[in-house]
Amino acid sequence: MAGRGGPARTNGAAASNKICQFKLVLLGESAVGKSSLVLRFVKGQFHEYQESTIGEFHCKSWDTFTRAKNWVKELQRQASPNIVIALAGNKADLSNKRAVDFQEAQAYAYDNSLLFMETSAKTAMNVNEIFMAIAKKLPKNEPAGGASGRASGRAGVDLQEAAPQAGGSKCCGGGN
Ligand code: GDP
Ligand code: MG
């Protein structure tokens, strides 16, 4: 799964406390847990039987590494050079169903300059951490009215506040 951040705009306030808005897109196969990661990050919740965004119910473990690589290739080909791409190996709690070796994914991420963490929307492992890591890598000096998006007036997520965590967190340095 790949997360994507693209510049939206700054509000033109003083540089010291300006508010920046960015677009974050979660890409990945159906049922890998995109909606669940957002739900965990924004509301601190997890639904075991999360209704599929598309409609059909699937249950799939993290066996979509090849497809994730294709998403990354496509983003690198088409997106703005400022893009921040993060690879989330979600459902890390299902260790008995592991389909992708941690070191293999980590090496791929390193070679392609991607952030990488194994996450679990279920236990909350690394969910805040991956969103925060993306936020920290975003450019802070985008000119007002940047490349994509406009001020929406919608409330955002305050990244200074830690979202609730149901489980422990684990850094990307250790596999499971
Ligand atoms: P999406 O299609 O990528 O948005 O996937 P969903 O968020 O709808 O999740 C698909 C299914 O996987 C749902 O039944 C979720 O409860 C389950 N799921 C999502 N994330 C995790 C996770 O980290 N661990 C486990 N065990 N199940 C998860
Ligand atoms: Mg969904």
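The values are calculated or read from the model by the stated rules, or taken from the named source; none is laboratory data. Predicted, not measured: the structure shown is a model, and the values here were computed from it. All Cβ positions, glycine included, derive from the backbone under ideal geometry; neighbour counts span all protein chains shown. SASA here: full protein model, heavy atoms, side chains in, ligands and nucleic acids out. Shrake-Rupley method; radii C 1.70, N 1.55, O 1.52, S 1.80 Å.
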Top-ranked residue in the range 21-46 [being out of contact with any strand residue (DSSP E or B) (no Cβ under 6 Å at 6 or more places or on another chain) and aromatic (Phe, Trp, Tyr); ranked as farthest from residue 118 (Cα to Cα)]: 46
Just checking, does the range 121-129 include any residue being closer than 20 Å to residue 34 by Cβ, open to solvent by 30 Å² or more (accessible area, probe 1.4 Å) and touching a Gly at 6+ places or on another chain (Cβ under 6 Å)? yes
Please determine whether any residue of the range 69-81 is modelled with pLDDT of 95 or more and either crowded, with 20+ Cβ neighbours inside 10 Å or within 14 Å of residue 26 (Cβ to Cβ) (or both). no
Would you mind finding the one in 121, 88, 99, 92 that is within 16 Å of ligand 2 (Cβ to nearest atom) and part of a loop (DSSP other than H, G, I, E, B)? 121
All conditions in (1) modelled with pLDDT under 95; (2) loosely packed, with under 15 Cβ neighbours inside 10 Å are true of residue 42 except (1)
Residue check, residue 99 over 28 Å from residue 43 (Cα atoms), at pLDDT below 95 and in contact with an Asp or Glu (Cβ under 9 Å, 6 or more places away or on another chain): yes
Is there any pair with a first residue in the range 111-126 that is in contact (Cβ under 8 Å) with a residue 24 or more places away in the chain and a second that is open to solvent by 20 Å² or more (accessible area, probe 1.4 Å) and of a type in the set (Ser, Thr, Tyr) whose Cβ atoms are under 6 Å apart and which are 6 or more apart or on different chains, and what are they? 125/169; 126/169
